[in-house]
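Notes follow once the structure below has been shown.
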Amino acid sequence: MLKFIRVTKKYNADKPALDSVSFDIDSGELVVITGPSGSGKTTLLKLLTKDEDPTEGEIYFKEENINLLKRSKVPYHRRKIGSVFQDYKLLPELNIWENIALALSILGHPDHEIEEKVTDLLKLVGLTDKAYLFPHQLSGGEAQRISIARALSTAPEMIFADEPTGNLDAANSLIIAKLLKKINDLGTTVMVTTHDPVVIKHLSGSRMMELKDGVLIDSNEKKEKKKEKEEKAEDKEDDKDKGESKKTKEDEEFPKTKDNVKEKKKSMFNLFGMFGKKKQQPKEEIDDKKVEDSKSDDQDKKEDKAEDEDSEDNDKKKELTKEKKEIKKVTKSKEDK
Ligand code: ADP
Ligand code: MG
């Protein structure tokens, strides 16, 4: 799903922020990236969302080389990745409900659909009772849960949480770690950067990567090497039993089969049956396939439409104006009330 190939990022003539970083993440994985301040974690996110371009190397998201992505396509690309930041980045002039609804509103989803989605997301993060408060009325932990709900609003395929518990105490860190795990269990790929021991401990069963001065060490590579070593030892020991013992080892170390991942995705669409679902239809009856199809149809249509528009700059301006208008509209209607 996401592949970095020897990616280097230099902001200036100093040593690079990322130094020939390579990794490969499958759909449905939960990956924890640890590393001290200044090791390049945020740079990784910025490259992924195309807020920065790599100095060298290639980045593929879902088989697409994002180095080659046209500027007009960048907003569509960003919608596929839900970003969660250390400082939440909620819009202070909008209430919680509006913060979560904003992206959907900009995308032109009908009101009844937005209502259902926001209701479900508030339930998921356990903050239904805070819907009409403003960001400054929330605790840090609550604000972060809302920012996670907002990140999920467009049903992204991946969530990237950049030090999401950096401003939180241990109890709230644990709530956020559990929430990220739950979102991953429901089928969304999750990447989380952290140096919070509470988060690292709670997610210790996951794939770990470590960034040190821009250099990445991937726990999967360590596993691969260990496996190779063990296999060689087995070869020497007993050629006959090799096949069987190899299989058991693989099963133990890589329990994430494609089928497992598929199952997870299915359950995510159950929860987010809200995406594209009819109002009266009870959740249990939603046909997962249809929901998935309607979602991608919708996206395809919008993306095709964008493709037709000629000027890249115009696209970008339009996107910004639309967002500004939407915020104004929401703020105005609130003032009128
Ligand atoms: P982390 O998120 O792990 O703290 P960052 O990715 O923010 O690390 O930064 C990695 C390195 O790149 C640091 O040395 C930082 O000073 C540098 N850096 C980050 N952003 C910029 C920038 N916009 N201009 C120059 N240097 C930067
Ligand atoms: Mg950072």
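Structure values in brief
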{"item": "Residues (surrounded by fewer than 24 Cβ atoms within 10 Å (Cβ to Cβ), aliphatic (A, V, I, L, M) and under 25 Å from GLY35 (Cα atoms)) located in the range 152-168", "result": "MET158, ILE159, LEU168"}
{"item": "Selection count where residues are over 13 Å from ALA161 (Cβ atoms) and assigned to a helix (DSSP H, G or I), scope the range 183-201", "result": "5"}
{"item": "Helices (runs of 4 or more DSSP H) wholly inside the range 85-170 containing at least 2 residues that are over 29 Å from PRO197 (Cα atoms) and over 20 Å from the mean Cα position of the chain (by Cα)", "result": "96-106, 111-124"}
{"item": "Count of the range 23-46 residues which are under 24 Å from LYS73 (Cβ atoms) and either in a loop (DSSP other than H, G, I, E, B) or away from ligand 2 (no atom under 13 Å from the Cβ) (or both)", "result": "5"}
{"item": "Those residues of the range 50-67 which are polar (S, T, N, Q) and crowded, with 17+ Cβ neighbours inside 10 Å, in sequence order", "result": "none"}
{"item": "Residues being out of contact with any Gly (no Cβ under 6 Å at 6 or more places or on another chain), small (Gly, Ala, Ser) and within 16 Å of ligand 2 (Cβ to nearest atom) - total across the range 9-22", "result": "0"}
{"item": "From the options SER22, SER83, SER39, residue that is polar (S, T, N, Q) and away from ligand 1 (no atom under 16 Å from the Cβ)", "result": "SER22"}
{"item": "Scope the range 127-149; condition within 16 Å of LYS182 (Cα to Cα) and either touching a helix residue (DSSP H, G or I) at 6+ places or on another chain (Cβ under 7 Å) or among the acidic types (Asp, Glu) (or both); matching residues", "result": "LEU127, GLN144, ARG145, ILE146, ILE148, ALA149"}
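Any read-out appearing in this document is the output of simple, stated calculations on the displayed coordinates, not a laboratory observation. Keep in mind the model is a prediction, meaning the values are calculated, not measured. Every residue, glycine as well, gets a Cβ built from its backbone with ideal geometry; the counts of neighbours run over all protein chains shown.
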